[in-house]
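Trainee: Here it is, the structure, as structure tokens.
The values are calculated or read from the model by the stated rules, or taken from the named source; none is laboratory data. Just so you know, these numbers come straight off a predicted model, no measurement behind them. Neighbour counts are summed over all protein chains in view; Cβ atoms, including those assigned to glycine, are modelled from backbone coordinates with ideal geometry. The protein model used for the area step is the full one, side chains on, heavy atoms only, and it has no ligands, DNA or RNA in it. Shrake-Rupley method; radii C 1.70, N 1.55, O 1.52, S 1.80 Å.
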Amino acid sequence: MDSMTQIKKKSTQICLIIVTTILCYGNVVLNDYSLDDHYITNNKYILKGAYGLCDIWTHPYIETEDLNVDYRPLSLTVYAIEYIIFGKNPAISHLINLLFYIICVLLLFKLCYDVFNLEKINKLLPLLVVVLYSVHPSHTEVVTSIKNRDEIISFICIIISALFFHKSFHSQKKVFLNILLTLLFFYLSMLSKMVSLPFMATIFLWCLYNKNYKNYKIFFIQLISILLLITVHLYAFRDYFFHRTINLSENPINPLTTLSDKLGLGFNSLLFYLKFQLFPFPLRFYYGYNVIPIESIFNPMPLISLLIFTILVVLLIYSILYKKSYSYFLFSFLFCLLFYSNIFTKYTGIVSERSMFQFSFFFIAFIVLFIFNFIISKGFFYRKRAIPVLFIFVFYLISFCCLTIKRNTEWKDTNTLILHDMKYLEESALANHIAANNCAEMSLTYIRTDAVISRKWADLAIYYYKTSIDIFADETKIFYDLANTYRYALNDLKTGEKYYLMAVNKHPTYKKVYRELASLYYSSDEFNKAILYYEEAVKVEPNNPELLFYRALNMYNAKNTDQFLRLNSDIQKKYPEKQYAYLNYGTYYFNINKTDSLIYNFEKAVEFGCVNPQVIDYLHQYYTKKGDAKKASIYYNLLKNN
């Protein structure tokens, strides 16, 4: 009977957790795709469906012209399977995120029971910890962002790994199987996103903390196996993990940063995280320089932070000496926090909300247990203490729920999120840059359909670009993007030229600037200037056939025919199966009325991938006049399909 009652109580608690989570996050299914979701929705391997699954496991997470970053094939595979079944459907994507999050909090509930044994202290403790965790507003970024599903999957896998790790000590049967499953789910966590290593480290620490884990052979087998897994994984995919450059606008720490300033930024970061656990407002889509200021450790805020964390360390030592139930959770919180403190290593964006997704569990467990110890400090339940604590709990629960529900609506789409958050991000260089890029993109979206709206978006983009420059003027790409906005959104070539040249002065090897300057002068018929910048662009990218093509074409437009023919001959020798040399020859033969040579070169260009509608239309018209219906039809269909 007692056993049945216990099962019913546990089932009731599970239902309460599910209902609370759905009430707080159910409105996410109304959202569209939002900030950074394009990394998933536009991923070329995901869009290939089933045919792209192998590519996902053999390529980095982000693959661009300038960047190959990270390796997260498991989370990308989950996205790909979703795309194969449902296509692009934001409601389904958000529903899947919510389901994963519910699984995550239920596994945490099981962890509280099976591993941490909180129910032995008090039957309600697992419920209180997990409910507060599930509604904490700092988790909205992870749950509402499709791109951040990898965080949830990684956490799910590491919790399952922790549960099997626990079973390997307490189940005399299938010990080897439990060890294998521990390692399997640990590795799956890494394959989703490498963010769960500190959490797993705390599980090993729990063994040392808890006397029920006495089999050191099993402990060391798993510890050594996991360390080997991490080493092999990092070595195998080292090209993806160790080549990510963190720009100074993301995190200002550099080799010239003094120890005092580094510690100042570190303790400001720690204070931010601590404050956010208790007072999670305002929520922002990004932080970076200069939201969290870099300043000397001897300035007031870092010193306050140092004092607070000194008190927490003293409390930790006291709790260990006197065997308080909250000591492990306080230690785990402080331990995980160190990885995001910027003291030992730089963290992208200085701080973030998604980084709290795992360690907030330890903080909430610590606070709940600390308060519970306070209530029963004399060995029995103090009603006078319990009532105000109950009011505080209800206040926090309702406040967190309201903040979370509201924040979900702010993540409705990229525009809604950015326009809402920018009032809290006036000091963030990169947030202003991100907002400006989004506004510039919106301006180009409306440029052909509504000039007034396009202009408003362009003006807003320029405002954010210039704000970003005022905060941090050493970022070349801001000047480059600002120049593009003047050029393409406002057709202001002179101002665009001015900011391109400023970008060149900031970063003489920034290859995109040379391309754009050369293209700008080419479109303005300033061919000699265009040649100059195509020459510079080729120095930076000597193996880019498109740049070689335009450099040669500009020689021809500048009436330097001999140089044009020499350069084009070099292109044809170097890239015989690319369209570029044939296109240039076609243009040349068109101007000297050599039709047969023109047609030959244009046909070769199309054969090697040219989709220029003017070239294809010329071939279509030529064969139509010639009466060759078969070839005319081929080029007509090509024209129609492109």
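Trainee: Between Asp36 and His233, what is the spin-label point distance in nm, taking each point 7 Å from the Cα along the Cα→C-beta axis?
Mentor: It works out to 1.9 nm between the two label points.
Trainee: Restricting to DSSP H runs of at least four residues, report the calculated mean residue ellipticity at 222 nm for the chain, -39500 (n - 2.57) per run over all residues, nearest 500 deg cm²/dmol.
Mentor: The per-residue figure over the chain is -22500 deg cm²/dmol.
Trainee: If you don't mind, another one. For region 355-369, what does the Karplus curve 6.51 cos²θ - 1.76 cosθ + 1.60, with θ = phi - 60°, yield as ³J(HN,Hα) per residue in whole Hz, taken in order and with x for Gly and Pro?
Mentor: Values per residue, Gly and Pro as x: 5, 7, 4, 9, 6, 5, 4, 5, 5, 5, 4, 4, 5, 4, 5 Hz.
Trainee: Oh, and also: Using only the alpha carbons, work out the radius of gyration and Dmax of region 442-531 in angstrom.
Mentor: According to the Cα coordinates of region 442-531, Rg and Dmax are 13.4, 37 Å.
Trainee: Which distance in Å, rounded to a whole number, links the C-alpha centroids of region 87-138 and region 402-437?
Mentor: 26
Trainee: Apply the Karplus parameterisation 6.51 cos²θ - 1.76 cosθ + 1.60, with θ equal to phi minus 60°, to every residue of region 471-478 and state each ³J(HN,Hα) to the nearest whole Hz, in sequence, with x for glycine and proline.
Mentor: Ordered by residue, 3J(HN,Hα) equals 7, 8, 8, 9, 9, 4, 5, 4 Hz.
Trainee: For the chain, what relative contact order do you get, as a whole percent, if you take Cα pairs closer than 8 Å and at least 6 residues apart?
Mentor: 11
Trainee: Rolling a 1.4 angstrom probe over the protein chains, ignoring ligands and nucleic acids, what is the accessible area of Leu444 in square angstrom, nearest 10?
Mentor: Approximately 80 Å² for this residue.
Trainee: Now for a separate question. Of all trypsin sites (Lys or Arg not before Pro) in region 274-334, which ones are in loop regions per DSSP and have a Cβ with at most 10 other Cβ atoms within 10 Å?
Mentor: Sites meeting the loop and neighbour criteria: Lys323.
Trainee: Rounded to the nearest 20 Debye, what is the dipole magnitude of the chain about its Cα centre when Lys and Arg each give +1 and Asp and Glu each give -1 at the C-beta?
Mentor: 2340
Trainee: Something else: Just report the Cα centroid separation between region 248-315 and region 541-604, whole Å.
Mentor: So the two Cα centres are separated by 57 Å.
Trainee: What percent do you get for the relative contact order of region 207-336 when only Cα pairs under 8 Å and 6+ apart count?
Mentor: 23
Trainee: Between (i) 19, 48, 26, 7, 0; (ii) 15, 43, 28, 12, 2, 0; (iii) 14, 35, 36, 14, 1, which entry matches P(r) over Cα pairs in 20 Å bins from 0, in percent as derived from the coordinates of this structure?
Mentor: For P(r) over Cα pairs in 20 Å bins from 0, in percent, the calculated option is (ii).
Trainee: Related question: If you line up the long axis of helix 613-626 against the longest principal axis of the chain, both from Cα atoms, how many degrees apart are they, to the nearest 10?
Mentor: Here the helix axis deviates by roughly 40 degrees.
Trainee: Take peptides 594-605, 348-359 and line them up by average Cβ neighbours within 10 Å, highest first, as a rough protection proxy.
Mentor: Listed from highest to lowest mean packing, they are 348-359, 594-605.
Trainee: Filter the trypsin sites (Lys or Arg not before Pro) in region 410-457 down to the DSSP loop ones having no more than 15 other Cβ atoms within 10 Å, then list what survives.
Mentor: Here the sparse-neighbourhood loop sites are Arg448.
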